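Visitor: Please find one structure pasted underneath; my questions will follow.
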Amino acid sequence: MRDKQKAGLFTIAIIILVAFYLFAGLNINNWDYAFSRRIPKLIAIILTGCSIAFSTVVFQTITNNRILTPSILGLDSLYMFIQTVVVFMFGAANLTAVSNNLNFMISVSIMVIGSVLLYKILFNEENNNIYFLLLVGLIFGTLFHSLTSFIQMLIDPNEFAFIQNKMFASFNNINTQILLLAGIVIAVVFAYSFIYIKVLDVLALGRAHAINLGIAYDILIKRMLVVIVILVSVSTALVGPITFLGLLVANLAREIISTFKHRYLIATSVLIGVFALVGGQFLIERVINLKTPLSVIINFVGGLYFIYLLIKENKR
């Protein structure tokens, strides 16, 4: 089966899932209320699936490694650190009273500015490459995680419950005020990145080949890293951290389609991401009626898939 046909089947499956998700259990008495709850949730799912899938495929291309995801940069840990510090300093009641748009903008700004400054410092040094950056990101992620755990030990138990809700991505309580801002940011980043889609095909060949073919490798890597950071920061601040979703969708896309072209890889990854999130949320809410956040199930399945990838690569 051709790649376009496979993408078409995924698109049809997503449309069917969306229809089931939107219209399941509706009648003349509750459709207005149900739509007001389901449509914002569906928009958040689509934005999250698109941003995580896109950022993971690009990140694996520039690192030339299929088992790495942007979470290694430590942005998830930095997000939790920001939320924990704010609650520790001002209290959960004050954080709740603050505008959600303001909290969203502060969280995204700190993550983006901190990451960009780190990239600028590291890439200004000679002989530093992308792998050194990943090592530093991993160290900072561990540092922020440890600091977060320490501060959480000092927080009042009632306020810790507020922080605990931030630890897992959830689509159940989406704030509609954030959706518009997040959608605009993601749309702008996608529009900017679109001009580099074909160049990513060359980047996948490796640093030496890309430079020989006339690509400004270091400059392009910096730009793509900023794009990745913005997308991951927005999706994390929107719904919370989902560690293994990108690993799942990016690698499944590479398994399903047989091409190196990023226009198809990214499109397929986005379709798989949206399919997994919509389908998973539909099963949790309408079929098995679980109270467990979807991110917990995704991380569990993703963890198993990660182990499978490690075993598979080790046999080669």
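Visitor: Being out of contact with any strand residue (DSSP E or B) (no Cβ under 7 Å at 6 or more places or on another chain), farther than 30 Å from LEU138 by Cα and loosely packed, with under 14 Cβ neighbours inside 10 Å narrows it down to one residue among ILE43, ILE12; which is it?
Guide: Only one candidate qualifies: ILE12.
Visitor: Could you grab the pairs with beta carbons closer than 7 Å, sequence gap of 6+ or different chains, first residue in the stretch 53-68 and within 16 Å of SER193 (Cα to Cα), second one open to solvent by 10 Å² or more (accessible area, probe 1.4 Å) and not in a helix (DSSP H, G or I)?
Guide: THR56/THR69; PHE59/LEU68; PHE59/THR69; GLN60/ARG66; GLN60/LEU68; THR61/ALA204
Conditions tested, residue by residue: (1) open to solvent by less than 40 Å² (accessible area, probe 1.4 Å); (2) modelled with pLDDT of 70 or more.
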residue	(1), (2)
ASN29	no, yes
LEU75	yes, yes
MET80	yes, yes
GLY91	yes, no
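Visitor: With the checklist (1) without any contact (Cβ under 8 Å) to a residue 24 or more places away in the chain; (2) touching a Lys or Arg at 6+ places or on another chain (Cβ under 7 Å); (3) hydrophobic (A, V, I, L, M, F, W, C) in hand, flag the one item ILE256 doesn't pass.
Guide: Of (1) without any contact (Cβ under 8 Å) to a residue 24 or more places away in the chain; (2) touching a Lys or Arg at 6+ places or on another chain (Cβ under 7 Å); (3) hydrophobic (A, V, I, L, M, F, W, C), only one is false for ILE256: (1).
Visitor: Sticking with this one: Answer yes or no: is there a residue in the stretch 62-73 that is in contact with a His (Cβ under 9 Å, 6 or more places away or on another chain), under 20 Å from PHE244 (Cα atoms), hydroxyl-bearing (Ser, Thr, Tyr) and modelled with pLDDT of 70 or more.
Guide: No - not one qualifying residue is present in the stretch 62-73.
Visitor: Residues being of a type in the set (S, T, N, Q), at pLDDT 85 or above and more than 15 Å from the chain's Cα centre (by Cα): count how many of those fall in the stretch 242-275.
Guide: The number of residues fulfilling the criteria is 1.
Visitor: Keeping to the stretch 210-241, report how many residues are free of Cβ contacts under 8 Å to residues at least 40 places away in the same chain and either crowded, with 16+ Cβ neighbours inside 10 Å or under 10 Å from the mean Cα position of the chain (by Cα) (or both).
Guide: The number of residues fulfilling the criteria is 4.
Visitor: Against the condition among the charged types (D, E, K, R), modelled with pLDDT of 80 or more and open to solvent by 50 Å² or more (accessible area, probe 1.4 Å), how does ARG207 come out, does it pass?
Guide: No: the conditions fail for ARG207.
Visitor: Would you confirm whether any residue within the stretch 24-34 is outside any helix (DSSP H, G or I) and touching a Lys or Arg at 6+ places or on another chain (Cβ under 6 Å)?
Guide: Scanning the stretch 24-34 turns up at least one residue that is outside any helix (DSSP H, G or I) and touching a Lys or Arg at 6+ places or on another chain (Cβ under 6 Å).
The values are calculated or read from the model by the stated rules, or taken from the named source; none is laboratory data. Note that this is a predicted model, so its numbers are computed, not measured. Counting neighbours? That spans all protein chains shown, and the Cβs are built from the backbone with ideal geometry, glycine included. Accessible surface areas use protein heavy atoms only, side chains included; no ligands, DNA or RNA. Shrake-Rupley method; radii C 1.70, N 1.55, O 1.52, S 1.80 Å.
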